[in-house]
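I have placed the structure first, in the form of structure tokens, so that the comments after it can refer back to it.
The values are calculated or read from the model by the stated rules, or taken from the named source; none is laboratory data. The shown structure was predicted, so the numbers you read here are calculated from the model rather than taken from an experiment. A quick note on method: Cβ atoms are made from the backbone with ideal geometry, for glycine too, and the neighbour counts reach across all protein chains shown.
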Amino acid sequence: MEKAVSFFRRSLTVLFAMVAWIGGSISGEPYIRAGNMEIARTLEFTYADGVSFCQGLAADGTFFYGIGAYKFLDYNAITKIDIASGEIVERREMCLPKDLLLKGYSHLGDGCLYEGGLYIALEDFGFRHPGVIVYDPATLEAVDFHTLPDEGRGNGRIPWCAIKDGVLYYSQSNDVDEIRMLDLRDYSYLGAVKLDTTLFKVQGGEFYNDTLYIVTNSGLRNKTMYAVDLQSGHVEPVFVRCTGRLDAEGEGIAICPLADGSLFHIIDVGSMVRITSYRPTP
């Protein structure tokens, strides 16, 4: 199995090196297009390395926990990255339990750390039984799994999940006009917060204090992050980042204050995988 996975990632290196050569001629460097934000630093990885964390991100101040998936090959992975050095410390590939693979589960999304667990959104191939899987961040082993209740499944897509005060929040990816909620004690459905703005191509979400921040893949080079007030349902754009590359897809987010002043850490995926850290400006 390890040899097959290694060959898979080596093959991606060759393929995306060619894509990078072509895309580089029509691309530029990333920058902030609008909003009070600046780039603190960017970690860049080849797609062969980055495929193991190309979907989602969580952080605890010491490590990034990158979440990867390549749906059509049932490839899923969790990768631990040293925040200070940017080095890959540990990688667990083909990380979905066999019983879930046999049930058709195929795609990890964005996730979050909460009370000692790494909670990750999980979709099945036919989008019929979306769920949430929990990993131990110390061992990267799966320890728990729950399907979403019928009334909270929507169209069966769940690209992200975030947790605050024992409530798990999530949405579908397109036509997002509400944020849904589950009680983390028993995964019962608590209803939804209606939004005053419909969002498209939602890829990730995370809390900072009482605000939910949502990242999207809408636009070509330009990707917008939004702040959501869950009391009122008001949605406010925070900043727009230009990825610099036409081939880049905006993915998940981690929110964690670091010594360099950065707070928001977002994944972009194209011919390479980037984790870019942003810090607010006055």
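Details
- Unmet criterion (only one of (1) within 21 Å of His107 (Cβ to Cβ); (2) assigned to a loop (DSSP other than H, G, I, E, B); (3) at pLDDT 95 or above) for Ile275: (2)
- Counted residues, segment 121-146 - those being in a loop (DSSP other than H, G, I, E, B) and either surrounded by fewer than 13 Cβ atoms within 10 Å (Cβ to Cβ) or in contact (Cβ under 8 Å) with a residue 40 or more places away in the chain (or both): 7
- Residue in segment 265-278 that is surrounded by fewer than 17 Cβ atoms within 10 Å (Cβ to Cβ), touching a Lys or Arg at 6+ places or on another chain (Cβ under 9 Å) and of a type outside the set (Phe, Trp, Tyr) present: no
- Selection status of Leu182, touching a helix residue (DSSP H, G or I) at 6+ places or on another chain (Cβ under 8 Å) and either closer than 22 Å to Ala58 by Cα or of a type outside the set (Val, Ile, Thr) (or both): yes
- So Ala121, is it within 17 Å of the chain's Cα centre (by Cα) and not β-branched (Val, Ile, Thr): yes
- Every pair of residues 6+ apart whose Cβ atoms lie under 7 Å, when the first sits in segment 62-77 and is of a type outside the set (Gly, Ala, Ser) while the second is exposed (fewer than 15 other Cβ atoms within 10 Å of the Cβ) and assigned to a strand (DSSP E or B): Phe63/Asp82; Phe63/Val89
- Residue in segment 107-115 that is in contact with a Phe, Trp or Tyr (Cβ under 9 Å, 6 or more places away or on another chain), more than 25 Å from Ser52 (Cα to Cα) and surrounded by fewer than 23 Cβ atoms within 10 Å (Cβ to Cβ) present: no
- Selection count, segment 88-103, where residues are within 17 Å of Thr46 (Cα to Cα), within 17 Å of the chain's Cα centre (by Cα) and either surrounded by fewer than 16 Cβ atoms within 10 Å (Cβ to Cβ) or hydrophobic (A, V, I, L, M, F, W, C) (or both): 0
- Looking only at residues of segment 147-173 that are β-branched (Val, Ile, Thr) and part of a strand (DSSP E or B), we find that the one that is nearest to Val215 (Cα to Cα) is Ile163.
- Some residue of segment 252-266 being under 14 Å from the mean Cα position of the chain (by Cα), closer than 26 Å to Asp82 by Cα and not hydrophobic (A, V, I, L, M, F, W, C): yes
- Flag for Cys256 being modelled with pLDDT under 95, within 19 Å of Ala40 (Cα to Cα) and not β-branched (Val, Ile, Thr): no
- Count - residues of segment 174-206 that are surrounded by fewer than 21 Cβ atoms within 10 Å (Cβ to Cβ) and within 21 Å of Gly68 (Cα to Cα): 2
- Within segment 212-236, the set of residues being farther than 19 Å from Pro30 by Cβ and surrounded by fewer than 16 Cβ atoms within 10 Å (Cβ to Cβ) comprises Ala227, Asp229, Gln231, Ser232, His234, Glu236.
- Residue in segment 190-209 that is assigned to a loop (DSSP other than H, G, I, E, B) and over 19 Å from Gln55 (Cβ atoms) present: yes
- For Asp247: the one exception among (1) surrounded by fewer than 21 Cβ atoms within 10 Å (Cβ to Cβ); (2) not in a loop (DSSP other than H, G, I, E, B): (2)
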